[in-house]
Amino acid sequence: MKAWQIQKHGGPEEMRWNDIPLPEPGTGEVRIRHTAVALNFRDILVRRGQHSVKSFPSGLGTESAGVIDAVGPGVAEFKPGDRVATVARPDCAYAEARIAPAVRTVNLPDGLDEKTAASMMVRGMTARYLLKATYAVKPGDTIVIHAAAGGVGQIVSQWAKHLGATVIGTVGSDDKAAVAKAHGCDHVFRYDDFAPKVIEVTGGKGVPVVYDSIGKLTFESSLKCLRPRGILASFGESSGDPPPVSARDLGNMGSLFVTHPSLIHYTQTRAELLETANDLFGMVAGGKVKIGINHSYPLSEAPQAHRDVEARKTTGSVVLIP
């Protein structure tokens with residue numbers, strides 16, 4: 001089968017479209033023939049070397065969807081022909097097929113196509129734990145979501161509106177501001193001047209939570225947006241790692257909380273994974289959250305997709321099609 005691999009960290013030019021053996025599933029594993037593969041910003045960080053790999057050559061990607069064509073010993077929940085999605089390591093999703101642990105794989109409900117599923121599992125489950133676990137958004141809350149025109153941002157904005165929140169989004173361009181407003185944001189500000197505007201919108205009170213996937217560019221201003229005892233959920237670093245902040249500074253700013261939540265820790269058990277995925281499926285099936293797949297590339301053109309994402313030419317989800 002064909003698969004993208006890297007022999008060393010670097011730019012998109014380091015990605016290699018290699019022929020590798022089609023793997024066989026082991027105990028507790030399934031083999032998935034891909035029909036769609038998601039591109040997440042984490043994949044770019046892995047390629048760059050900001051996230052480590054165990055060894056080279058290394059694959060890329062953790063999120064994909066398709067049809068099971070083989071199951072390993074001890075697998076009773078799945079069978080060949082099942083339509084499924086998975087988010088699992090090691091990084092190997094940028095391929096025509098993959099092996100995945102059965103415990104990290106979910107059946108897709110009727111009516112949900114694999115392309116949509118691949119584009120929403122990481123983003124949608126991330127939105128779900130941010131809004132319901134990291135900070136439980138309540139009716140009447142005002143929240144801030146950075147990168148509001150992105151894949152996670154669009155889902156968070158729609159879901160938060162369903163929960164009764166006022167949503168403030170931040171973006172990097174006027175075009176992306178229009179996208180954010182179309183997906184539920186009540187207010188949209190640019191990254192370079194959002195903090196004073198958030199304080200103005202909230203009547204000087206600040207917000208209970210800021211969801212920040214940008215990192216270095218927005219971190220300090222995000223802290224300034226929070227009300228006393230507010231939470232900064234820093235779940236990504238697309239602009240680089242944020243600067244350090246001392247515990248004393250957090251106290252002086254209002255006894256603030258800073259956390260770096262990760263999907264793996266919010267879906268540690270099979271029950272947590274299924275609860276999170278099924279909640280997401282229900283929101284999408286009920287029309288409360290619409291998944292925007294604005295960019296599709298052939299899997300063979302994954303390096304170009306990486307370039308476009310890094311150049312901020314994309315909005316919403318990006319999917320690679322084998």
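Summary of computed values
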quantity: Most mobile of Ala165, Ala36, Ala118 in a GNM of the chain (Cα contacts under 10 Å); calculated: Ala165
quantity: Residue with peak Gaussian network fluctuation, the chain [Cα springs, cutoff 10 Å], from Val75, Val106, Val46; calculated: Val75
quantity: Prolate/oblate/rounded label for the stretch 1-137 (Cα gyration tensor, a/c 1.5); calculated: oblate
quantity: Long-range amide H partners of Val318 with built H, under 5 Å; calculated: Leu39
quantity: log10 of Debye I(q)/I(0), alpha-carbon scatterers only, for the chain at 0.08, 0.10, 0.14, 0.15 Å⁻¹; calculated: -0.36, -0.56, -1.07, -1.21
quantity: Estimated distance in nm for a label pair at Asp19 and Thr166, the labels positioned 7 Å out from Cα along Cα-to-Cβ; calculated: 6.2 nm
quantity: Amide H partners (placed H, <5 Å) of Gly49, local residues excluded; calculated: Gly10
quantity: Whole-Hz couplings from phi, Karplus 6.51/-1.76/1.60, listed for the stretch 240-249; x for Gly and Pro; calculated: x, 5, x, x, x, 9, 7, 4, 5, 4
quantity: Two-site FRET efficiency, Lys288 against Glu310, from Cβ-Cβ distance with R₀ of 35 Å, rounded to 0.05; calculated: 0.65
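Throughout, read-outs are computed from the coordinates displayed, never taken from laboratory work. All values derive from a computational prediction rather than experimental measurement. For neighbour counting, all protein chains shown are included, and Cβ atoms are generated from backbone atoms with ideal geometry for every residue, glycine included.
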